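The values are calculated or read from the model by the stated rules, or taken from the named source; none is laboratory data. Computed from a predicted structure; not experimentally measured. All Cβ positions, even for glycine, are placed from backbone atoms using ideal geometry, and neighbour counts span all protein chains on display.
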Amino acid sequence: MKIIKSANGLIKSLYGGISILKASILCGINPKNELKYRKQCSKTLTKMFAKEIIIEGELDKDANLLIGNHTNNMDISLMETIIPEKLIWVAKKELGETPIIKYMLTKSDMILTDRSNKRSIIQLIKDIKQRVKRGFKIVIFPEGTRNKKDPTKMIKWKSGVKGIAEKLNLKVQPFVIINLPFAFKENFIIEKQKIKVIFLKSFYPNEKPNWYEETKKEMQKILDKEYKGA
């Protein structure tokens, strides 16, 4: 049975990889339709691991910075699937050099930043400000990477996100992703999960002096509650 599940999971993974490559190439050929290609690809990928998606809370149409827990690489396809508008993701510049996703990042207004260069934060702020002026929502994972050992717990948040939100006075809306990482087992096995996305209330940083620390604690409380007894 495990062999069959592994084979099935491997086929799905290969199909997902092909979908990503196809979308990336199309973004390079016809950048004007990049949003269409991204959304189609995201829906294909999300169907692989989600048997149901439950959304709690509401997305604030005026929020221009979304911050959430990073559980898996598929977090991006999930959020792209449930939010119809164009999202701008902040990623490390090395990803823009990866053949399979190169054009999906470089031809679609995504923001690539050099984490090894301290001065890159200046350009990052400029890029985010420019995207926000164009009416786009920025999405960042404050953790910077995912907790591979225990996805029910968030790791330390990067300080840069706090500074950006405060400097640009962005309207922040936190979100929490539940169950997604548990769809992916060892040996390529994929077991579809009931995925939940919880949107918290949005706010401006100047409304909450200790908003960064308090938001992390609030999100962790939600994770503890959702995974209680798991």
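Residues that are of a type in the set (A, V, I, L, M) and either within 18 Å of residue 174 (Cα to Cα) or part of a helix (DSSP H, G or I) (or both): does the stretch 115-123 have at least one?
Of all residues in the stretch 115-123, those of a type in the set (A, V, I, L, M) come to 121-122.
Next cut, either within 18 Å of residue 174 (Cα to Cα) or part of a helix (DSSP H, G or I) (or both) only: 121-122.
Checked against the condition, which is being of a type in the set (A, V, I, L, M) and either within 18 Å of residue 174 (Cα to Cα) or part of a helix (DSSP H, G or I) (or both), the stretch 115-123 yields at least one hit.
From the list 133, 153, exactly one residue is among the charged types (D, E, K, R), within 26 Å of residue 24 (Cα to Cα) and surrounded by fewer than 16 Cβ atoms within 10 Å (Cβ to Cβ). Which is it?
133
Could you tell me how many of the residues in the stretch 107-126 are touching a residue at least 24 places away in the same chain (Cβ under 8 Å) and within 17 Å of the chain's Cα centre (by Cα)?
3
Per-residue answers, yes or no, for (1) in contact (Cβ under 8 Å) with a residue 12 or more places away in the chain; (2) farther than 18 Å from residue 176 by Cα:
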site: 2; (1), (2): yes, yes
site: 35; (1), (2): yes, yes
site: 50; (1), (2): yes, no
site: 64; (1), (2): yes, no
site: 68; (1), (2): yes, no
site: 94; (1), (2): no, yes
site: 100; (1), (2): yes, yes
site: 103; (1), (2): yes, yes
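With the requirement that a residue be surrounded by fewer than 18 Cβ atoms within 10 Å (Cβ to Cβ) and either out of contact with any Lys or Arg (no Cβ under 8 Å at 6 or more places or on another chain) or farther than 27 Å from residue 160 by Cα (or both), what does the stretch 197-221 give you?
Once the filter is applied, which keeps residues that are surrounded by fewer than 18 Cβ atoms within 10 Å (Cβ to Cβ) and either out of contact with any Lys or Arg (no Cβ under 8 Å at 6 or more places or on another chain) or farther than 27 Å from residue 160 by Cα (or both), the stretch 197-221 yields 201, 206, 207, 208, 209, 210, 213, 217, 218, 221.
I need a count of the residues in the stretch 67-82 that are out of contact with any Phe, Trp or Tyr (no Cβ under 7 Å at 6 or more places or on another chain) and surrounded by fewer than 19 Cβ atoms within 10 Å (Cβ to Cβ).
2
Applying the selection to the stretch 179-209, what residues are modelled with pLDDT of 95 or more and polar (S, T, N, Q)?
Selection gives 179, 193, 202.
Are any residues in the stretch 1-34 within 15 Å of residue 106 (Cβ to Cβ) and either under 16 Å from the mean Cα position of the chain (by Cα) or assigned to a helix (DSSP H, G or I) (or both), and if so, which ones? Reasoning before the result, please.
First, pick out the residues of the stretch 1-34 that are within 15 Å of residue 106 (Cβ to Cβ): 20-21, 23-32, 34.
Answer for the stretch 1-34, where residues must be within 15 Å of residue 106 (Cβ to Cβ) and either under 16 Å from the mean Cα position of the chain (by Cα) or assigned to a helix (DSSP H, G or I) (or both): 20, 21, 23, 24, 25, 26, 27, 28, 29, 31, 32, 34.
Would you say residue 225 is surrounded by fewer than 19 Cβ atoms within 10 Å (Cβ to Cβ) and in contact (Cβ under 8 Å) with a residue 40 or more places away in the chain?
Taking the combined requirement at face value, the residue does not satisfy it.
Please enumerate the residues belonging to the stretch 139-169 that are of a type in the set (Val, Ile, Thr), part of a loop (DSSP other than H, G, I, E, B) and more than 20 Å from residue 227 (Cα to Cα).
Hit for the stretch 139-169 is 145, nothing else.
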